[in-house]
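Asker: Shown below is the structure under consideration.
Every read-out reported here was derived from the displayed coordinates using simple, explicitly stated rules and does not represent laboratory data. Just so it is clear, the model here is predicted, and its values are computed rather than measured. Positions of Cβ are generated from backbone atoms using ideal geometry, with glycine treated the same way; all protein chains shown enter the neighbour counts.
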Amino acid sequence: MASTGHDVAAAAESRWAWIVGAIIAFLVAMMAYMSLHWAAMPPVRMETIDPTTLHIAGEFVETNLGSAAEPDGSVTVRVLANQYSFTPQCLVVPANTWLHFRGTAADVVHGFSVSHSNVNMMLIPGYISNFQTRFERTGEHVMPCHEFCGNGHAAMWAHVQVIPRDEFIRRAQSQPGRRLSCVQ
Amino acid sequence: MFSKDSRQLVLAHFWVAFIAFFAALLLGEWHMVIRSPLLDWIGNPELYYRSVTAHGSAMGYVFPTLVAMGFGYAIVELSLKQALVGRRWAWTGFILVMLGTVIAMVPVALGKASVLYTFYPPLIAHAAYYIGVVLVVVGSWIWVALMSVNLRAWKKAHPGEAVPLPMFANVAGAYLWAWTSVGAAVEILFLILPVALGFKSTIDAGLARVFFSWTLHAIVYFWLMPAYIAFYTLVPRAIGGRLYSDVMGRISFILFLVFSMPIGIHHLFQDPQVGAGVKFLHAVFTAMVSVPTLLTVFTITASVEIAGRLRGGTGALGWVKALPWHNPMMLAVAFSFILLGFGGAGGLINMSYQLDFAVHNTQWITGHFHLIFAGAIVIMYFAVAYDLWPHLTGRALVHGGMMKAQLWLWFVGMIILTFPWHVVGVMGMPRRMAYFDYTNPEIAPQAITVTLSAIGGLLLVISGVLFLLVLLRGHRSGIVDLPEFRFSQPVHAPGRLPAALNSYALWLALMIGLSLVNYGYPIAQLVALKQTSVPAVPIGGTP
Amino acid sequence: MNEPLFSLKNRWFTIAVAAVAAIAAIAAAIGFLWVPRAHARDAMTSLWESICSAAGAPAPYRNPGLPEDKAIYPTSVIVSSEFTGPIDNVSVGRGATLALQCSMCHGARGTASAGTNAPHLAGQPPSSTYKQLRDFKSGHRPSVVMQPLATNLSDQDMRDLAAFYSQQQRETLVGHAGIRIEVPRIVSNGSPMRNVGACATCHSPGVARVATPILDGLPAVYITDQLKAFKAGRRANDINQQMRNAAHALTDEEIDVLARYYASR
């Protein structure tokens, strides 16, 4: 009697173990699928940068921050975070275009997300973060800092404006070499 | 065989833990209210961050550590039925934890350490905060050593016998903690303290985050151990049932030991200093750590079903009605499982690399870990306290009504607190903000959910008060003659176990090996990089 | 049952190690080979490059910065928490001598007399005073008054002056002591949705942020002028636009309120 009870128990357990295995396998397969078909963080080599000289030379000088149209049709958006603001405070990006966000922090760890989108990046001083995405619709979004960066963290909110693609191209062509933002 | 000195040792641990818990609970409710639309914006945001630092440090470093330590000492005497070896060391460890807590909390209270319990370098606080945390960890390492020493003494006296399940799980938890705490210890000792003490002025923020991630996830499994030990070894006995399978229990704890630690980089999915392949590797192993929980859910549900059927329950679900719902332990395990179900589902979303983008650093994360830790785990801490209390005090623990009310309030309060919290996270509300402009149309929809959470928190405060009341009264009721303390009996006695299920060497080797595979390259790579050390930003100026 | 634990004859050992190794191998194969290979083909980078990026190996940093003539740099000063170093008395002494030339506007001991609308220098962090002197000299902070005066200062002179002034005690002006104005919300909390930071989170004395002046007691006219200059972009020596960002959305009324608040302290 005891052994059949034991066998029933063992059978129930191994049935459950198989179910658990199937759940795990499904989750992992889902992640693999998404990694193959939807790389939100493009495969670049880890990039480092000196946060103390960002304002003096290099990619993140003031005049290079903002949205830049690339020859291949995509747009590179460069954003810088410090205590307690993002530069540019208002990002303007075209809809239906591949956007490459590149960002870093000048002092402490910051991070941001863009409302109603999947944009979510950490900005670590010393490293450059990359993210790629597309906005399907035009509109306004808020872009809060979402990582504790000091006592002024709660006031650190930027904005993102998604405008029609042709309007963006027009603006870019009317100011060649300048980076675009919606800071008035 | 529960000696008076050991009982006092355990009581000391529990009381300090629960007092710290209650103080932090009050702070926590204040946080919910002050950033809700119910009150005007806080005039000095630094006070908010000071309080969050205190709340997080107490709830994360002090409270669960002391509970695990106290419960561990109790398990040594109650399950091994031998006197605790190294009692003076145990008291030393306890004093170190207390000392460390005080030393850390002084700069926090003075506003010199508002860096939050996750430290966030290059922000650097007063050195005393970090030194305090180190002392707390060192005190807990003494406990780890004592668990190992006591088990070895028992094994020498009982060669070849199966280690009782409570002790087996207890020691697994201790070894897990020892290995896991190394990450934060390295971060504090080698990266942060040299800057806080003035020997260095730069720090690699990316490397520090990788070291902290080493500790950050596995620490929750350390917190979870007392609750799971209670599931397997206290609950079935308390509700009049049997443990479905002793062997499955051992396997679950072994799986925790192997898979808890080398998965921390899922906290760094959005970070630039770690490669995507490493992140994927960690995501896969994070999926593996959900296995022991799923196995536990099965085993414990089956054990509870045994209790139900022994009480006459019939039918596929009829045994649920037959369960002893008047018993606080029954309530606790049921509530814990419900909260665990929701919290675990949320966790599966967090771990799925790409899904995490939608929720990273939003209030979803905060809601998630409050649901799973403050909800599912802490409710079992209450249950452990209630179960052990008569044996610790020698007096009856009456007020079953108050105990049940306390548990109900905690359960309902937790749901009202955390469910809206998850919703507001999906709406994009960011973390760690001391105030929000609810008049803005993008944020206005979030207002009502934050208010709901604040109401839930109020229920939790009331529950906390009741909890302390029950325990206090437990010291003043009549002395009783208690039967010997028993842990749950399995349906089939383990008999002779394979060495793999009765010892740790294989699993420790796998744990360390897996850590090397999963963390070796990222850490080595970042240590070798010199140019990523950035200037530290001291709180309140250079010391 | 009785085999040693670490031997191939022990089923627990072999199954456990094989299972963990298999999971690691499959995860690594997907994460380090399959996924990078798929992206390599799209982005036309080599497979090895993609594997390295999956592992997190750094590449030498390629600088696509703008050419010299197009870039406008706010300042040439590199700011970090230690950059002015500890203060020594010799430096303070030299600074005292140099400060004699500054006393006409900035006061004998760094507290400007009422009516000059020059900022107080007494008690300001040395990093703040030093940086502004550097920026005056280089022209990054335009000022018809300060530029000729700063031109003749050497780097050590500026450090000495900064050290000297940091050790002075600011005197609260007669008539100001005892006035208590309620803290304006813009100072304590900023205006988050306009990304106006809370002034107190950087400029309070307790924060001791590097290169950040303490605003307490500064003349209201001075504060108003500087904020309007930041807002219009006329003053642009703030690193990474931090003050221009903060001042950008301030209304004239808010500037007035916070200038009067700080002047009253």
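Asker: Where the only charges are on Cβ atoms (+1 Lys, Arg; -1 Asp, Glu), what is the dipole of chain C about its Cα centre, to the nearest 20 debye?
Answerer: Using Cβ point charges on Lys, Arg, Asp and Glu, chain C gives about 320 debye.
Asker: When a footprinting reagent is the concern and you count Cβ atoms within 10 Å, what order do A:D7, B:D271 take, fewest first?
Answerer: Taking fewest neighbouring Cβ atoms as first place, the list is A:D7, B:D271.
Asker: Which Cys residues of chain A have no other Cys Cβ less than 4.7 Å away and so no disulfide-compatible partner by this rule?
Answerer: When partners are defined as cysteine Cβ atoms under 4.7 Å apart, chain A leaves A:C145, A:C149 without one.
Asker: Can you give the extra length, in nm with one decimal, that the chain gains between C:A18 and C:A114 once fully stretched, where that is 0.36 nm per residue apart less the Cα-Cα distance?
Answerer: Values: separation 96, 0.36 × 96 = 34.56 nm, distance 8.13 nm.
Length gained, C:A18 through C:A114: 26.4 nm.
Asker: What does the charge count near B:D246 come to, summing +1 for each Lys or Arg and -1 for each Asp or Glu among other residues with Cβ under 15 Å from its Cβ? Please report the intermediate quantities before stating the final value.
Answerer: Values: positive: B:R237, B:R242, B:R250, B:R486, B:R496; negative: A:E13, B:E161.
Every neighbour counted, the sum reads +3.
Asker: Related question: Can you tell me the order of B:14-21, C:112-119 when each peptide is scored by its average per-residue count of other Cβ atoms within 10 angstrom, highest first?
Answerer: On the way: B:14-21: 20.2, C:112-119: 15.6.
Per-residue Cβ counts within 10 Å, averaged per peptide and sorted highest first, yield B:14-21, C:112-119.
Asker: Let me ask another. Based on the Cβ-Cβ distance from B:W15 to B:V465, what FRET efficiency comes out when R0 is 25 Å, to the nearest 0.05? Don't skip to the answer; put the middle values down first.
Answerer: Working: r = 16 Å, r/R0 = 0.62.
Efficiency computed from Cβ-Cβ geometry: 0.95.
Asker: Which of the lysines could a cross-linker span from C:K231 if the Cα-Cα distance has to be under 22 Å and same-chain partners fewer than 8 positions apart are dropped?
Answerer: Hits, sequence-local ones excluded: C:K131.
Asker: Would you calculate, for chain B, the mean residue ellipticity at 222 nm contributed by helices, counting each DSSP H stretch of 4 or more residues as -39,500 (n - 2.57) and dividing by all residues, to the nearest 500?
Answerer: The per-residue figure over chain B is -22500 deg cm²/dmol.
Asker: State to the nearest 20 debye the size of the charge dipole of the stretch A:47-174 about its Cα centre, where the only charges are +1 on K and R beta carbons and -1 on D and E beta carbons.
Answerer: 280 debye
Asker: When Lys and Arg each count +1 and Asp and Glu each count -1, what net charge do the other residues less than 14 Å away from B:E77, Cβ to Cβ, add up to?
Answerer: Local charge sum for B:E77: +3.
Asker: Also, I was wondering about something else. What's the local net charge at B:I142, with K and R +1, D and E -1, over the other residues with C-beta under 14 Å away? Write down the numbers at each step before the final one.
Answerer: On the way: positive: B:R87, B:R88; negative: none.
In short, +2.
Asker: Identify all aspartates and glutamates with a Cα-Cα distance to B:K155 below 17 Å; exclude those on the same chain that are fewer than 8 residues away in sequence.
Answerer: B:E77
Asker: How long is the gain from A:L36 to A:R137 if the chain were fully straight, where each residue apart is worth 0.36 nm and the alpha carbon distance is subtracted? Numbers along the way, then the final one.
Answerer: Values: separation 101, 0.36 × 101 = 36.36 nm, distance 2.48 nm.
Taking A:L36 through A:R137 to full extension adds about 33.9 nm, to one decimal.
Asker: Taking 20 °C and 1.002 mPa s as the conditions, I'd like the Stokes-Einstein D for chain B in µm²/s, using the Kirkwood hydrodynamic radius from alpha carbon pairs.
Answerer: 89 µm²/s
Asker: Going from the alpha-carbon gyration tensor of the stretch A:1-41, what semi-axes, largest first and in whole Å, does one get by taking the root of 5 times each eigenvalue? Working shown, then result.
Answerer: On the way: eigenvalues 307, 5, 3 Å².
Result for the stretch A:1-41: semi-axes of 39, 5, 4 Å.
Asker: Next question, about the same structure. Hey, what angle do you get for helix B:205-233 against the long axis of chain B, alpha-carbon based, 0 to 90 degrees rounded to 10?
Answerer: Helix B:205-233 sits roughly 20 degrees off the main axis of chain B.
Asker: Right, another one. Label-point separation (nm) for B:V426 and B:L472, each offset 7 Å from Cα along Cα-to-Cβ?
Answerer: Those two pseudo-labels are separated by 4.1 nm.
Asker: Could you quote the convex hull projected area for the stretch A:47-174, Cα atoms only and averaged over all directions, in nm²?
Answerer: So the mean shadow area of the Cα hull is 7.4 nm².
Asker: Sticking with this one: Rounded to the nearest 0.05, what FRET efficiency do A:W18 and B:R496 give with R0 = 22 Å and r taken as the Cβ-Cβ distance? Could you check?
Answerer: Result of the calculation: an efficiency of 0.20.
Asker: I would also like to ask the following. Tell me the label-point distance for the pair B:L516, A:A9, using the 7 Å Cα-to-Cβ offset, in nm and rounded to one decimal.
Answerer: Using points 7 Å along Cα→Cβ, the separation is 3.8 nm.
Asker: Can you work out the FRET efficiency for the pair B:V102 and C:V90, with r the C-beta to C-beta distance and R0 = 45 Å, to the nearest 0.05? Numbers along the way, then the final one.
Answerer: Numbers: r = 41 Å, r/R0 = 0.92.
After rounding to 0.05, the efficiency reads 0.65.
Asker: For the protein assembly as shown, what is the charge dipole size about the Cα centre, in debye to the nearest 20, if Lys and Arg each add +1 at the Cβ and Asp and Glu each add -1 at the Cβ?
Answerer: Numbers: 65 positive and 51 negative charges, 311 e Å.
The calculated dipole for the protein assembly as shown is roughly 1500 debye.
Asker: Continuing with the same structure: Counting other C-beta atoms within 10 Å, which of A:C149, C:C105, C:C52 has the fewest, and how do the rest follow?
Answerer: C:C105, C:C52, A:C149
Asker: Oh, and also: Residue separation times 0.36 nm, minus the C-alpha to C-alpha distance between B:F199 and B:Q82: what's the value?
Answerer: 37.3 nm
Asker: Please arrange B:W179, A:W16 by counting, for each residue, the other beta carbons lying within 10 Å of its beta carbon, fewest first.
Answerer: On the way: B:W179 21, A:W16 18.
Sorted ascending by nearby Cβ count, the order is A:W16, B:W179.
Asker: So, in nm, how far is label C:K228 from label C:Q147 when the simple model puts each one 7 Å beyond its Cα toward the Cβ?
Answerer: Reported label-point gap for C:K228 and C:Q147 is 2.0 nm.
Asker: Sticking with this one: Starting at the first residue of the stretch B:315-330, write each ³J(HN,Hα) from the Karplus equation 6.51 cos²θ - 1.76 cosθ + 1.60 with θ = phi - 60°, in whole Hz, x for Gly and Pro.
Answerer: So the Karplus estimates, Gly and Pro as x, are x, 4, 10, x, 5, 4, 5, 7, 5, x, 5, 6, 8, x, 4, 5 Hz.
Asker: Taking beta carbons within 10 Å but only from partner chains, what does the mean come to for residues B:307-316?
Answerer: Working: counts 0, 0, 0, 0, 0, 0, 0, 0, 0, 0.
Whole-number average of other-chain Cβ neighbours for B:307-316 is 0.
Asker: So how long is each side of the protein assembly as shown along the principal axes, counting just the alpha-carbon atoms, biggest first, in Å?
Answerer: Computed over the protein assembly as shown, the largest-to-smallest principal extents equal 101, 67, 50 Å.
Asker: Excluding residues fewer than 8 places away in the same chain, name every one of the lysines whose C-alpha is closer than 26 Å to that of B:K156.
Answerer: Qualifying lysines at Cα under 26 Å: B:K4, B:K81, C:K9.
Asker: Give the angle, between 0 and 90 degrees and rounded to the nearest 10, that separates the Cα long axis of helix B:400-426 from the longest principal axis of the Cα atoms of chain B.
Answerer: Here the helix axis deviates by roughly 30 degrees.
Asker: Next up: Could you list which residues have their amide H under 5 Å from that of C:S264, counting only those 5 or more apart in sequence or on another chain, with H placed in the peptide plane?
Answerer: C:G217
Asker: Angle, helix C:89-99 long axis vs. longest principal axis of chain C, Cα atoms, 0 to 90°, nearest 10?
Answerer: That helix lies at roughly 50 degrees to the long axis.
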